[in-house]
Amino acid sequence: MSFSLEGRRALVTGASRGIGRGIALAFAEAGADVAISARDEKKLNDVAQEISALGRKAVVVAADVFDRDAVQASVASAAEVLGGLDIVVNNAGGNSFSVPLADMRISGWTKTFELNVESVVHVAQAAAPHLMASGKASMINLSSVASVGGAPFMSHYGAAKAAISSLTKSLAIEWASAGVRVNTLLPGWIETDLTEFLRVDDDTEKMALARVPMQRWGRVHEIAEPAVFLASDASAFMTGQELVIDGGLTVMP
Ligand SMILES: NC(=O)c1ccc[n+]([C@@H]2O[C@H](COP(=O)([O-])OP(=O)(O)OC[C@H]3O[C@@H](n4cnc5c(N)ncnc54)[C@H](OP(=O)(O)O)[C@@H]3O)[C@@H](O)[C@H]2O)c1
């Protein structure tokens, strides 16, 4: 029963599709009311309907994570409608280009950090008072296996996600006495829109999966269910940690 999220109030960013949508639905299945955020309101409304169909309250709080004021307003509105916040998942993020660092425009580097790192700072600062008022709160940040070793041609993305791992550890220490746990999920290759470009043809896909011992794509629910674990009392003594879910990718010699 310690995996239950009955009575918990959650906010998930980047919940219009992919991993964020999967986490929002898994939270609802585990008993939580869920506020969902992203830019695409139409898709968010569809996800909200799916949450409602599971018998839980759903709140759409659309925001672009580049816009600090909009993020603050979305967190405030989520907390107001749900009556507080016990769980926050910083999932919005990603990467849209691949280039050697020597040729990279600095604007690309900066945008990647704004999307993947500053966004988390905006949400964390806005959510902090609500999480601290909960007394039993959990924040989950989405990093990536790209942060573990080098990330050639994606140095911007690897460095941004490595920053998330560091930020998670700092917040875990700063917030432990206030009853807020902070952990990171590190997915490997998961089948979402973000990795669509690796499935354009068989050769590209084979190359992507060549270093994955389990020889397949991870599925969204395989990240969503560990997120339920990190959000719930099942992980009550766990903070500042990184949970790698990658089909064995990072243990390959
Ligand atoms: N898929 C993988 O293999 C993989 C591996 C490691 C880590 N991750 C990480 O896991 C997270 C989710 O990835 P995913 O595969 O589910 O990606 P995805 O399918 O591309 O979904 C990204 C989500 O983030 C939202 N988003 C993007 N830009 C945004 C912005 N400026 N403001 C607000 N929301 C924004 C998108 O919604 P809108 O477009 O509606 O705004 C969408 O809901 C990301 O942080 C990613 O880096 C993914």
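Would you be so kind as to identify which of Met139, Met214, Asn91 lies farthest towards the positive end of the dipole of the chain, taking Lys and Arg as +1 and Asp and Glu as -1 on Cβ and the Cα centre as origin? Working it through, the farthest residue towards the positive pole turns out to be Met139. Here the relative contact order of region 139-253, from alpha carbon pairs under 8 Å that lie six or more residues apart, stands at 35 percent. Put a plus charge on the Cβ of each Lys and Arg, a minus charge on the Cβ of each Asp and Glu, and nothing anywhere else: the dipole of the chain about its Cα centre is then about 320 debye. Within the listed set Ala159, Ala58, Ala208, the Gaussian network model of the chain (springs between alpha-carbon atoms below 10 Å) gives the highest mean-square fluctuation for Ala208. Legend: calculated FRET efficiency, Glu242 to Val121, from the Cβ-Cβ distance at R0 = 22 Å, rounded to 0.05, equals 0.75.
Taking label points 7 Å from Cα along the Cα-to-Cβ direction, Met207 and Ala102 give a separation of 2.0 nm.
Inter-part distance, region 67-86 to region 207-225, computed on C-alpha centroids, equals 33 Å.
Over the chain, what is the relative contact order in whole percent, taking alpha-carbon pairs under 8 Å and six or more residues apart?
This gives 20 percent for the chain.
Pairs of Lys residues in region 9-251 are counted when their Cα atoms are under 18 angstrom apart and they lie 8 or more places apart or on different chains; the count is 5. For the chain, the alpha-carbon coordinates run over 48, 38, 35 Å along the three principal axes, in decreasing order. Each of Asp233 and Ser177 was given a label point 7 Å from its Cα along the Cα-to-Cβ line. The distance between the two points is 2.6 nm. Ranked by the mean number of other Cβ atoms within 10 Å per residue, highest first, peptides 168-175, 102-109 order as 168-175, 102-109. Take the Kirkwood radius over Cα pairs of region 1-61, plug it into Stokes-Einstein at 37 °C and 0.692 mPa s, and you get 301 µm²/s for translational diffusion. Label-to-label distance for Val81 and Glu29 is 2.3 nm, based on points extended 7 Å past Cα in the beta-carbon direction. Diagonalising the gyration tensor over the Cα atoms of region 14-136 and scaling each eigenvalue by 5 before taking the square root yields semi-axes of 28, 17, 12 Å, largest first.
When peptides 181-187, 243-249, 213-219 are ranked by their average number of other Cβ atoms within 10 Å per residue, the highest-first order is 181-187, 243-249, 213-219.
Every number in this text was worked out from the coordinates using simple rules, so none of it is lab data. The shown structure was predicted, so the numbers you read here are calculated from the model rather than taken from an experiment. Cβ coordinates were reconstructed from backbone atoms using ideal geometry, including for glycine residues, and neighbour counts include every protein chain displayed.
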